[in-house]
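Let me begin by presenting the structure, written as structure tokens, before commenting on it.
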Amino acid sequence: PIDEIHQMSSNRTETYSWPFDELNHLARLPYLHNTWLGRGHTVRAHPSLDDTYPGTQFSGVLVEAVSSLPSEAMSFEVAGTTVHCFGLYPLYPQELRGIIDRQVSGHEWFHRCFDAGLHEGLFANRPAFV
């Protein structure tokens, strides 16, 4: 709950606010860096692959399809422009390294996650899929 988060100390707040901070960062990233985000892209939490988001074991995220919603909810029109929705999948350091080193593709990793019954979002104690 946001009211409880606002009452926490700043170091404890980071543990709970990083997903919102990352969403804000990713929403602005294409504009700020003149680039784009799409399925299969990864984004690191920090320059080092071993540094993690506060209070987690995750070191980055994979941008992939939303798998918890029906397919008709994955895109919509705004002022004549199609907007596509993507899901964020937090990655452990070894998973992020495996995707970056091309030992496994982001799409293949996504299917391993999907086959295990997981979808976009935080699953803090999930197994690693590499």
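The values are calculated or read from the model by the stated rules, or taken from the named source; none is laboratory data. Just so you know, these numbers come straight off a predicted model, no measurement behind them. Here the Cβ is made from the backbone with ideal geometry for all residues, glycine too, and neighbour counts use every protein chain on show. For the accessible areas, the whole protein counts, side chains as well, though only heavy atoms, and no ligand, DNA or RNA atoms are used. Shrake-Rupley method; radii C 1.70, N 1.55, O 1.52, S 1.80 Å.
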Let me spell it out: the conditions are (1) open to solvent by 50 Å² or more (accessible area, probe 1.4 Å); (2) modelled with pLDDT under 90, and Ala73 meets all of them except one. Which number is the exception?
(1)
Among the residues of the stretch 9-63 satisfying the criterion of being in contact (Cβ under 8 Å) with a residue 24 or more places away in the chain and of a type in the set (Phe, Trp, Tyr), which is most open to solvent (accessible area, probe 1.4 Å)?
Tyr16
Hits in the stretch 7-34 - residues which are of a type in the set (D, E, K, R) and closer than 20 Å to Phe123 by Cα
Arg12, Glu14, Asp21, Glu22
Of all the residues that make up the stretch 89-119, how many are at positive phi and touching a residue at least 24 places away in the same chain (Cβ under 8 Å)?
0
Output the residues belonging to the stretch 82-112 that are of a type in the set (Ser, Thr, Tyr) and under 17 Å from Gly38 (Cβ atoms).
Thr82, Tyr89, Ser105
Pair list, Cβ under 7 Å, 6 or more apart: the stretch 68-86 residue more than 25 Å from Ala116 (Cα to Cα) and of a type in the set (A, V, I, L, M), other residue open to solvent by less than 90 Å² (accessible area, probe 1.4 Å) and part of a strand (DSSP E or B)
Val83/Ser75
Matching residues, the stretch 86-116, being touching a helix residue (DSSP H, G or I) at 6+ places or on another chain (Cβ under 7 Å), of a type outside the set (D, E, K, R) and either assigned to a helix (DSSP H, G or I) or modelled with pLDDT under 90 (or both)
Ile99, Gly106, Trp109
